[in-house]
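The values are calculated or read from the model by the stated rules, or taken from the named source; none is laboratory data. Everything numeric in this text was worked out from a predicted model, so none of it was measured. Using ideal geometry, Cβ is built from the backbone for each residue, glycine included, and neighbour counts are taken over all protein chains shown. For accessibility, only protein heavy atoms count, side chains too; no ligands or nucleic acids. Shrake-Rupley method; radii C 1.70, N 1.55, O 1.52, S 1.80 Å.
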Amino acid sequence: MAFWNRRKSIDLMQAGGDGPRLKATLSWYHLIALGVGAIVGTGILTLIGVGAGLAGPAVMISFALAGLVCACAALAYAELSTMMPQAGSAYTYSYAVLGELLAWIVGWSLILEYSLVVSAVAVGWSGYAVGFLTGLGIDLPTALTVGPHVAGGIVNLPAVFIIAIVTGLLLLGTRESATLNAVLVVIKVAALVAFVAIALPAFDSANFTPFMPNGFGAPFVQTGVMAAAAIIFFAFYGFDAISTAAEETKRPERDLAIGIVGSMLVCTALYLVVAATAIGARPVASFAESPEPLALILREMGQGTAAQWIAASAVIALPTVLLAFLFGQSRIFLGMARDGLLPTGLAKISGRGVPVVVTVFTAIVVAALAGVMRLDELASLANAGTLAAFAAVGVCLIVLRLRDPNRPRKFKAPLFWLVGAITIVGCIVFFLSLQTRTQFWFLVWNGAGLLVYFLWSARNARLAKAPQEAA
């Protein structure tokens, strides 16, 4: 069998014979909390301003388009994750369906996605934390609160700090961190509901005119509804972190589908309501450039105390996104290390059932990125990696249905061909709507990844040494 086309056996994955296992400690409510914790975060608390700056009030359409594509991807994830309940997410599905080379590209793209998401959220958290402290009369020096892209900035220490705290929490154990995550998610959702309740009375329909000042946009056009959707996509895709927890789920055949689909439904409804309220309360131009747009809107309404509470809730609860994605990133690394495509030493599991080495390694990388890079650049490049992974999952859904239609499926995506097609086409269009430099650096990243694969990973892969385990 050609090395690039080697495929993992789904039967062996379902049998669980893949080295030391992670502890199964999570139930469906943990997974919904993990998904909501990952989805509701920087996207709505911070990037709503970036998206509104690109699309104007029509950012509402951007949210709907991004939500549609992500909903279809979520259905595909739900089907595949219940068939292959193993750490690794889209990388694992691609290895079993599309072959080793494409799986490597997907895994390498996921490394980009998860690393940059954690970094971007840490930067977003820093913006709210600095604003919150300023409201308390504590002014931190600019040199230590922003990266070198801002005049006078050196390193974003608050972003580095929060990554260190969340990493320590993850090292305590999966169930412990998931339980705290659930509590913080309740705080975060309550804060958004409070924002709607306070800002809604100030709703002014005049703020929705002109509704689409920059047009709808199209591939290669970097303003308008499509460009905003390509960025706002960042706000939705935390649900894929749930699929990385497949191995740690007590009843994956039931709970994964509930967690993935349930968290998407909750968050899509919440996003549309919050976005409409924000735009109705204040003109888009007044908050498009703010690192803490929801708090700014409340302050401009004369609700200083409420703004401080929103900032406080973001400071408290945004780390749920960090937790979910650091969790997911470490499991992607774990899956690739188990398969021999990364050094196997990364796959070591502690007595608490945690991959310690890879969790600490991941934290160091993302902290370095968060310390020096801008939020919009991080989010845009993270989206490129995610779009590649989601498109691959859409392809996997269709290919596996056609190749192996009789294989038992605990959850079946409805209208699989339409769900897969919307996922694939939507991801391609969104990718083409990203900034040109983002597309360029994504290709550079994957070019470097292919060098690693051909020079080292291809011949050290587990299937190269044990071809009997291939499909």
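General remarks:
- Coordinate range along principal axes, alpha carbons of the range 357-471, Å, largest first: 50, 39, 25
- Surface composition of the range 271-336: carbon and sulfur make up 63 percent of the accessible area, probe 1.4 Å.
- The residues of the chain expose on average 35 square angstrom of accessible surface per residue, using a 1.4 Å probe on protein heavy atoms.
- Highest average packing first - 23-36, 264-277, 107-120, Cβ atoms within 10 Å: 107-120, 23-36, 264-277
- Label separation (Phe161 vs Ala285): 3.6 nm, computed from points 7 Å beyond Cα along the C-beta direction.
- Mean Cβ count within 10 Å, highest first, over the residues of peptides 210-216, 356-362: 356-362, 210-216
- Magnitude of the charge dipole for the chain, about its Cα centre and with charges confined to Cβ atoms of Lys, Arg (+1) and Asp, Glu (-1), is about 1240 debye.
- 0 to 90° range, to nearest 10: angle between helix 416-433 axis and the chain longest Cα axis: 60 degrees
- The gain in end-to-end length when the Lys250 to Ala269 segment is fully stretched comes to 4.0 nm, 0.36 nm per residue minus the alpha carbon separation.
- Carbon plus sulfur fraction of accessible area for the range 45-132, probe 1.4 Å, in percent: 88 percent
- Per-peptide average of other Cβ atoms within 10 Å, ordering 60-68, 92-100 highest first: 92-100, 60-68
- Pair-distance profile P(r), taking every C-alpha pair of the range 22-171, with 5 angstrom steps and integer %: 2, 7, 10, 16, 17, 16, 14, 9, 5, 2, 1, 0
- Theoretical FRET efficiency, 1/(1+(r/R0)^6), r = Cβ-Cβ of Ser205 and Ile428, R0 41 Å, to 0.05: 0.70
- The stretch between Arg437 and Trp4, if pulled fully straight at 0.36 nm per residue, gains 153.0 nm over its current Cα-Cα span.
- Farthest toward the positive end of the dipole of the chain, out of Gly304, Leu68, Gly280, is the Cα of Leu68, where the dipole comes from beta carbon charges about the Cα centre.
- Partner lysines whose Cα lies under 23 Å from the Cα of Lys348, excluding those fewer than 8 positions away in the same chain, are identified as Lys8, Lys23, Lys250, Lys465.
- In the calculated pair-distance distribution of the chain, the portion above 30 angstrom amounts to 41 percent of the Cα-Cα pairs.
- Rounded to 0.05, the FRET efficiency of the Val444 and Thr179 pair, given R0 = 51 Å and the Cβ-Cβ distance, is 0.80.
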